[in-house]
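Visitor: Below is the structure I would like to discuss, written out as structure tokens.
The values are calculated or read from the model by the stated rules, or taken from the named source; none is laboratory data. The structure presented is a predicted model; accordingly, all values stated were derived computationally and were not measured. Using ideal geometry, Cβ is built from the backbone for each residue, glycine included, and neighbour counts are taken over all protein chains shown.
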Amino acid sequence: MFLWNQLKVQAAAQPDKRALICGDATLTYSQFAARAERIAQGWLRQGIRPGDRIALHLRNSIELATGYYACFAAGFVAVPVNTRLTPEEIAYVLEHSGSRAYIAQADLRIPTPVPSLELDFSTLAETATLPVPSADDPALLLYTSGTTARPKGVTHSQRTLAGNVSYMEAWGLKPDDHTLLFTAMVHASGAIMLLMSSLWMGATVTIVPIFDPATVLDTWERSGATFYMSLPTLVRGLLMEQKARPRRITTGRLVICGGDTVPVPLQQEYAATFGHAIVEGFGMTEGLPTLANHPDNNRPGSMGRPVGDVEIRAVDGELWMRGSGIATGYWGHPPFEDGWLKTGDLVEIDADGFVWFRGRKKEIIVRGGSNISPQEVEETLYQHPAVAEAGVIGEPDTYWGEVVLAFVALRNGYAVSAEELIAFSRQHLAEYKCPERVLFLPVLPKGPTGKVQRRALKDLRTEAAAS
């Protein structure tokens, strides 16, 4: 069964139950399904066809949720656009995905040759039977940074989306849960793990448009939410706010934290502050949650155990995963070989099946749960006329986990400050991708082929920190 079919099942079974809440706005299951269908019908009338990609450039909102389900209803492919990207980066996503239409909030919209559509909730004079997509048709295209310079389009089909929500069901999400959604709905965790899985189960979802610790805690106290997923950086913000101005929060039942390693002291501090455990889980844009702890079976510090039908292997220490919720592959590339996703994470698997993180085979930087490609940042620095060589690595940070550290060698006769290079980066990259620090060297260390060696740069950083 696909997500759209399941939404119609819920709308028929419990038409008056609240599906979505955002501020003062509320939609029941029957209202939400009707809105999504009306929008899908309107887009079909404007010439959009099954398989066409529709870019959704919106913040957390009922409108974004409706846009997703309108796409699922008619077999369109939803392409959420990260609201933190620059116009240059957004243009790449639209071009690479071949988006046929672009939907954006007024203050986010950029000039683009891609035609704009609207979320029109008006009643249509007539309706037609919606197309029925097949299980393996693409349904969701999520762009994520990897080891390449440009983000990759992770392709989820109708089948893999259903597989992902089955993982949440196996993990313990229940129809009577109330989900608090404050992570970005343009990412896999907010879109699939929280929104789509909750609606599949028939739960209620309260959406917080923009993360603000005070707003999140006030909303949690008011709503009585029982479940949410967060990132370590966001949890630290919630802890600081709760200690500064305690709320009466007693309804938390199932809380998972991921996106980066979750230190055991942070888990302990959370439990002491909020009175319930937060457990660590693991997932990727390519599939989530694939590993998870559970309050009744928790190994603090581990990534958890496989969820649902997820199979795992450690091949030369690298975690490989396969299952019904794993993405089919990357847009424009062949499917994953035999269904196995090679995560690039180095792990150990203990005798009880718990997975322990041991490092990253990839060189991506994870800042607050967001992947950053070193090569993408380097290519931006190379656009500056003063830069002869650039090398980018992650630098440990107590709050973000990692931040971007850039090493730069300048061209002869040129001068530029670290602050100027950081400001230059902000003109081309989302702020979270920009260097926090820039260190200058006469030349950067290179290998036999002339490629800058990031491992050597990490050693330099370690030596500098120790001196």
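Visitor: Go through the stretch 241-269 and give me each residue that's touching a helix residue (DSSP H, G or I) at 6+ places or on another chain (Cβ under 7 Å) and among the hydrophobic types (A, V, I, L, M, F, W, C).
Guide: Ile249, Cys257, Val262, Leu266
Visitor: Exactly one of (1) buried (at least 22 other Cβ atoms within 10 Å of the Cβ); (2) part of a loop (DSSP other than H, G, I, E, B) is unmet by Ser198. Its number?
Guide: Ser198 satisfies every listed condition except (2).
Visitor: Same structure, new question: Would you say Thr204 is among the hydroxyl-bearing types (Ser, Thr, Tyr) and buried (at least 21 other Cβ atoms within 10 Å of the Cβ)?
Guide: Here the answer is yes, as Thr204 does meet what is asked.
Visitor: Only residues that are under 15 Å from His384 (Cβ atoms) and aliphatic (A, V, I, L, M): list them for the stretch 409-443, please.
Guide: Ala409, Leu410, Ala415, Val416, Ala418, Leu421, Ile422, Ala423, Leu429, Val438
Visitor: Which residue pairs have Cβ atoms closer than 7 Å, lie 6 or more positions apart in sequence or on different chains, and pair a first residue in the stretch 411-436 that is under 18 Å from Thr86 (Cα atoms) and free of Cβ contacts under 8 Å to residues at least 40 places away in the same chain with a second residue that is assigned to a loop (DSSP other than H, G, I, E, B) and not acidic (Asp, Glu)?
Guide: Ile422/Cys434; Ile422/Pro435; Arg426/Cys434
Visitor: Scan the stretch 428-450 for residues that are part of a loop (DSSP other than H, G, I, E, B) and either surrounded by 11 or more Cβ atoms within 10 Å (Cβ to Cβ) or modelled with pLDDT of 90 or more (or both) and jot them down.
Guide: His428, Leu429, Ala430, Cys434, Pro435, Glu436, Leu441, Pro442, Val443, Leu444, Pro445 - these are the residues of the stretch 428-450 that are part of a loop (DSSP other than H, G, I, E, B) and either surrounded by 11 or more Cβ atoms within 10 Å (Cβ to Cβ) or modelled with pLDDT of 90 or more (or both).
Yes/no per residue for (1) over 30 Å from Ala139 (Cα atoms); (2) small (Gly, Ala, Ser):
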residue	(1), (2)
Val255	no, no
Asp260	no, no
Gly275	yes, yes
Gly283	no, yes
Thr290	no, no
Arg299	yes, no
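Visitor: Condition test on Arg150, is it closer than 30 Å to Tyr92 by Cα, in the same structural domain as Gln105 (by TED's automatic domain parsing), of a type in the set (Lys, Arg) and at pLDDT 95 or above?
Guide: Criteria not met by Arg150.
Visitor: Here is a further query. Among the strands (runs of 3 or more DSSP E) confined wholly to the stretch 351-427, which include 3 or more residues that are farther than 15 Å from Leu439 by Cβ?
Guide: 355-360, 365-367, 370-372
Visitor: Condition first: part of a strand (DSSP E or B) and touching a strand residue (DSSP E or B) at 6+ places or on another chain (Cβ under 6 Å). Can you find one or more residues in the stretch 10-19 that meet it?
Guide: Yes - at least one qualifying residue is present in the stretch 10-19.
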